[in-house]
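J.: Handing you a structure now.
The values are calculated or read from the model by the stated rules, or taken from the named source; none is laboratory data. Computed from a predicted model, the values in this text were never measured in an experiment. We place every Cβ from the backbone using ideal geometry, glycine too, and count neighbours over all the protein chains shown.
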Amino acid sequence: MPQDDAMARLARQIDAARRTEYDSISLDDIAELRRQGAADLHAICADFVARLNSRLSHAALELAPSVYNTEEFRDSGPNLFQVSSQGRQMQITFVGVRERASTDKFLVPYMLEGEIRTYNQRMLEHFEVRTLSIFYCIEDSRVSWRFYDWRTLRTGQVNRDLLASEMERLF
């Protein structure tokens, strides 16, 4: 029984620490961080599309929406960015978590979660869509987009190199 008491005490301490850690961040600050997270993700996509198009003989990639304003962020529903080229699609969807921050699906606390989905017509015919989980994480008072690949257990920063490697698989 003493071991059960120790486990119960530790569980209460962990729950209390998690609640107080992010309760100190105001709801207005959380909302602003989430809007900034959406803008940061769009900027990563826009940078990827612009850099790749500048290396092509004619612009082949399109980003939708082409311009993003933080007021367009929907906290209560899904948000979508799409990069497309010749029937090949990369869809990036994300939503806000219910709490201020969560660690339910990723060990680093995050306030936005979503997926990067890539597919082309051949893949759709075989019901195959590749996905990476993405999270807008809070680490040591800084925020950044991170990905997690459930198949390979690989994780890292969401950046133009990641988007390039995901898009490259479609050609």
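J.: Kindly indicate the residue of the stretch 61-82 that is within 13 Å of the chain's Cα centre (by Cα) and not aliphatic (A, V, I, L, M) and also surrounded by the fewest Cβ atoms within 10 Å (Cβ to Cβ) among those meeting that condition.
T.: Initial filter on the stretch 61-82 (within 13 Å of the chain's Cα centre (by Cα)): 78-81.
Of the ones still in play, those that are also not aliphatic (A, V, I, L, M) are 78-79, 81.
Numbers: Pro78: 10, Asn79: 21, Phe81: 21.
Looking at the filtered set, the residue picked out is Pro78.
J.: If we scan the stretch 31-46, do we find a residue that is touching a Lys or Arg at 6+ places or on another chain (Cβ under 8 Å) and modelled with pLDDT of 95 or more?
T.: There is at least one residue in the stretch 31-46 that is touching a Lys or Arg at 6+ places or on another chain (Cβ under 8 Å) and modelled with pLDDT of 95 or more.
J.: Got a sec? Which of Ser57, Ser85 is at pLDDT below 95, of a type in the set (Ser, Thr, Tyr) and surrounded by 16 or more Cβ atoms within 10 Å (Cβ to Cβ)? Walk me through how you get there before you give the answer.
T.: Values: Ser57 fails: surrounded by 16 or more Cβ atoms within 10 Å (Cβ to Cβ).
The match here is Ser85.
J.: If you take the residues of the stretch 125-150 that are farther than 20 Å from Ala38 by Cα and either part of a strand (DSSP E or B) or in contact with a strand residue (DSSP E or B) (Cβ under 9 Å, 6 or more places away or on another chain) (or both), which of them is modelled with the highest pLDDT?
T.: Only one residue tops the list, namely Asp149.
J.: Looking at Arg51, Arg122, which one is closer than 20 Å to Asn159 by Cβ, part of a helix (DSSP H, G or I) and among the basic types (Lys, Arg)?
T.: Arg51
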